[in-house]
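What follows is a single structure, written as structure tokens, with notes after it.
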2 protein chains.
Amino acid sequence: MSELAFIQDILRRQSTVARNAYARRTSLHVSTKVDANDLLTEADLAIQANIVDAIQTAFPDDHIVAEEDGLTTLPTDTTSRCWFIDPIDGTQNFVRGLFPAWGISIAFANEGHAQCGGVALPERDLTLLAQRQQGATANEVPISVSTIAKLANARTEIDFGHRTSRDDLLAHCTTLIQESGQLRCHCAAVVGLCSVATGDADAFIHAGLTPWDHAAAVLIAEEAGATATQFDGSAVPLFAQAPSLVITNGLIHGEILAHIGRSPDK
Amino acid sequence: MSELAFIQDILRRQSTVARNAYARRTSLHVSTKVDANDLLTEADLAIQANIVDAIQTAFPDDHIVAEEDGLTTLPTDTTSRCWFIDPIDGTQNFVRGLFPAWGISIAFANEGHAQCGGVALPERDLTLLAQRQQGATANEVPISVSTIAKLANARTEIDFGHRTSRDDLLAHCTTLIQESGQLRCHCAAVVGLCSVATGDADAFIHAGLTPWDHAAAVLIAEEAGATATQFDGSAVPLFAQAPSLVITNGLIHGEILAHIGRSPDK
């Protein structure tokens, strides 16, 4: 089984687990991690354990990087086979959300690059998949980014992230907030990134995103035609703990980087 | 039939219309209003026409204020019977959204106050209703606001609205953005307001909201225990074109007003 088929199969099975957990979310055990805003449910842990088990059975020598349970360490050899897992991105929305804006993310990397990845949005019955240089799909239908060419007409998604990154984000993004056509924040990076991939948003901005958040969804967006860089315009490193991220339909990328570069500390 | 029962009945019927329109949204006719960000679909017009027809049949002497089709004028006698309709709040999300974060809003006012109101979120199969001084429900189950007592632990929803109000919003809300536990923006006021009512968010902020956006959902939130004021702490007028709005679970209201009052122009 190819890694992409493996991802598709496991997302299908874990989507069912996640949907069942979501249906009984008010009775789930919820704890906090770094602070009161950083939630962890028993569903995050169960889904991650299921995905880790499946990878270790199918690909026992591969490195695994995942959000929970002490698996956050990046490999020393970044050219070797490595998996990135976020069992539930958007746990706050899972626990406290009128709309289920959360997803499951799995990416496979080799030779230093994400080779394939998938994001499931179980409550939308939607799975997005991408294989490097072979395009991206949503429920097996090809997807592509939007064609909006001016920031003033664009939907920009700014992820405000944790309070500790807020000053940095505002320093870079104040004029962008003033000039974007509309502004959204789903509070779930995979949802914001997949919105760019499907053409539902035109840009997504984050001051520092962990690799399990972006590894699959950035590949999906890029394969749908998106342009991704850090705030300074350089490439987004896959093996880094919290690179900044600007991802757009390509047409408004320069305009957004100009706003970000206009910040007082640049 | 009471006005509340009338609202419940019409929301049920128009939810079906809206769901059917949403299912074929890629083939709907979409035009723009004030600018390229201000979308109007044939579904907005059809649903509004259905609601207006029903009100005119049942209550032929009542004034109607609605978002579309030249019905935006407020009545001169604000103590008389008046209805506020938003056929689809969150039209951008209806047209361009991975998640269907849009809703239908109807409120009935008399003697200067909203007396009852309802918001349907058709793709969530959820209808929120409230009768003045008799509490609020979601699918007939009583709802109440959250109990989070510190802004640092709170989910604050800031609606960035139109570009023209962005400078004003940032002037008031920069320290609030820095200090809130999490920040969201659904880009649909009724969804943000209903999130406060159900306890899924702890606060919602808007620099200037039209009455058809807030008449029903503010009543629902207040009846669920929320506190609502303008930025300066005064009451939110029902018959005004664009009052500012701070609505919270009550516990963090003072903390948020202090941040808003800290703005340079106050």
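Things to note:
- Hits among aspartates and glutamates - C-alpha to C-alpha of A:Lys150 under 19 Å, sequence gap 8 or more where chains match: A:Glu179, A:Asp200, A:Asp202, A:Glu255, B:Asp35, B:Asp38
- Cα gyration tensor shape of segment A:3-142, rounded if a/c is under 1.5, else prolate or oblate by comparing a/b with b/c: oblate
- Exercise: per-residue mean of other protein chain Cβ atoms within 10 Å, A:157-170: 3
- Ranked from shortest, the separations from the 7 Å Cα-to-Cβ label point of B:Ala242 to its equivalents in the other copies are 3.7 nm.
- Comparing mean-square fluctuations of B:Thr41, B:Thr198, B:Thr57 from a GNM of chain B with C-alpha springs under 10 Å, the top value falls on B:Thr57.
- Angle in degrees between helix B:189-198 and the longest Cα principal axis of chain B, rounded to the nearest 10: 70 degrees
- Annotation for B:Glu42, label-to-label distances across the other copies: 5.0 nm (shortest first, one decimal, point 7 Å from Cα along Cα→Cβ).
- Simple label model, 7 Å out from Cα along Cβ direction - A:Val34 to A:Arg19, nm: 3.3 nm
- Neighbouring partner chain Cβ atoms per residue of A:97-110, average, 10 Å criterion: 4
- Helix-only mean residue ellipticity at 222 nm for the protein assembly as shown, each DSSP H run of n ≥ 4 adding -39500 (n - 2.57), per residue, nearest 500: -10500 deg cm²/dmol
- Compared with the direct C-alpha span, the chain from B:Asp168 to B:Ala5 gains 54.8 nm at full extension, assuming 0.36 nm per residue.
- Taking every residue in B:175-188 and counting other chain Cβ atoms within 10 Å of its Cβ, the average works out to 6.
- Ranked by the mean number of other Cβ atoms within 10 Å of their residues, highest first, the peptides A:115-124, A:188-197, B:9-18 fall in the order A:188-197, A:115-124, B:9-18.
- Gained length - B:Thr72 relative to B:Gln133, 0.36 nm times residue gap less alpha-carbon distance: 19.2 nm
Coordinate-derived values only; no laboratory data. Small disclaimer: the values here were computed from a predicted structure and weren't measured. Every residue, glycine among them, receives a Cβ derived from its backbone with ideal geometry; neighbour counts consider all protein chains shown.
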